[in-house]
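Reading through the C-alpha cells given below for one structure.
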Amino acid sequence: MKNIVILISGRGSNLQALLDAGLPCRIAAVISNRADAGGLKIAQAHGIPTAVIEHRDYADRDSFDAALARLIDTFHPDFVILAGFMRILTAGFVTRYRGRLVNIHPSLLPAYGGLHTHARALQDGVRIHGCTVHFVTADLDHGPIIIQAAVPVLCDDTEQTLAARVLHEEHRIYPQAIRWLCADLIELRDDGRVRLRHHKQSGFALISPSLE
Ligand code: GRF
C-alpha cells in the first residue's frame with residue numbers, strides 16, 4: 001500500500017474529501033506551515049499524525065523547503081499531496097519530488113494560475129471555470145495536468161457562489177487523482193504530459209449558457 005503525506009495551510013476541506021473517500025493508501029502525516037490551520041484538527045480527529053513547520057521561523061525559502069523536505073522524508077512517502085498548501089516551493093524542493101508531488105488548483109489551468117482565480121474569472125466574463133489536479137513543477141501552476149473539472153459560470157454568480165461550485169468539484173476530482181496515482185495508473189511521460197491507463201473517456205460538452 002502506498003504512503004502519502006498531505007501538506008495544508010488552511011481549513012482542509014480537500015483533506016476532508018480525501019479522508020472521506022477511503023483511499024487505498026496510508027496517510028502517514030498531515031503537515032501544515034501554520035499552527036492555526038483548521039485541517040490539523042480534521043487530521044487529528046482521524047488519528048493521523050500531524051506536524052507544524054512554520055515558514056516564519058526560517059530566514060528564506062531555501063532553508064524552509066530544506067527543513068520541510070527533511071520532515072516529509074521521515075514519513076517515507078510515495079507521494080506528497082498539496083491540499084491548500086499556500087507556499088511557493090523552490091525548484092530544489094520540486095525537483096526532489098518530481099513525479100511524486102501533486103497539487104489542486106481552483107481554475108482550469110493554464111488559465112488563472114496564482115491567486116484570486118474566481119474573482120479574475122468573473123472579471124473576465126468567462127462562461128466556464130473549474131479546477132485542476134496537476135503535478136508540481138518549478139513553473140508555478142503549470143505542471144502536467146492529471147484531471148480537470150469544468151463548471152458553468154452563472155450570470156448572478158459572486159466570487160463566493162462560484163468558489164463553492166468549483167470546490168464541490170475539487171472534492172470529487174482530487175480523490176480520483178490520488179486513487180489513480182496509488183494504483184500506478186498515471187504515467188508522467190518524458191515530454192511532460194500525463195498518460196492515464198484504463199480511464200473512461202467522456203464525450204460530453206459543457207456549453208454555458210446552455211443551448212436553447
Ligand atoms: C482550494 O480551493 C484549493 O484548490 C486551493 O486552496 C484551497 C484549499 O481549500 N489550492 P481547503 O483548505 O482544501 O478547504
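Taking each residue of the range 194-205 that is within 15 Å of Trp180 (Cα to Cα) and looking for partners that are exposed (fewer than 10 other Cβ atoms within 10 Å of the Cβ) and modelled with pLDDT of 90 or more with beta-carbon atoms closer than 8 Å, six or more apart or interchain, yields Arg195/Arg189.
Selection within the range 120-175: residues that are more than 12 Å from the chain's Cα centre (by Cα), among the β-branched types (Val, Ile, Thr) and open to solvent by less than 10 Å² (accessible area, probe 1.4 Å). The member of this set that is nearest to the ligand (Cβ to nearest atom) is Val166. Note on the range 6-21: among residues that are more than 8 Å from the ligand (Cβ to nearest atom) and either assigned to a strand (DSSP E or B) or at pLDDT below 95 (or both), the one that is nearest to His76 (Cα to Cα) is Ile6. Checked against (1) touching a Phe, Trp or Tyr at 6+ places or on another chain (Cβ under 9 Å); (2) open to solvent by less than 40 Å² (accessible area, probe 1.4 Å); (3) over 25 Å from Ala163 (Cβ atoms), Arg100 meets all criteria but (2). Mind counting the residues in the range 105-124 that are outside any helix (DSSP H, G or I), farther than 16 Å from Ala150 by Cβ and out of contact with any Asp or Glu (no Cβ under 9 Å at 6 or more places or on another chain)? Of the residues in that region, 1 qualify. Mind checking whether some residue in the range 37-45 is within 18 Å of the chain's Cα centre (by Cα), touching a residue at least 12 places away in the same chain (Cβ under 8 Å) and either under 20 Å from Phe135 (Cβ atoms) or surrounded by fewer than 19 Cβ atoms within 10 Å (Cβ to Cβ) (or both)? There is at least one residue in the range 37-45 that is within 18 Å of the chain's Cα centre (by Cα), touching a residue at least 12 places away in the same chain (Cβ under 8 Å) and either under 20 Å from Phe135 (Cβ atoms) or surrounded by fewer than 19 Cβ atoms within 10 Å (Cβ to Cβ) (or both).
The values are calculated or read from the model by the stated rules, or taken from the named source; none is laboratory data. For clarity, every value in this text was computed on a predicted model and none was experimentally measured. Glycine also receives a Cβ, built like all others from the backbone with ideal geometry; neighbour counts cover every protein chain displayed. Areas reflect the complete protein model, heavy atoms only, side chains present, ligands, DNA and RNA absent. Shrake-Rupley method; radii C 1.70, N 1.55, O 1.52, S 1.80 Å.
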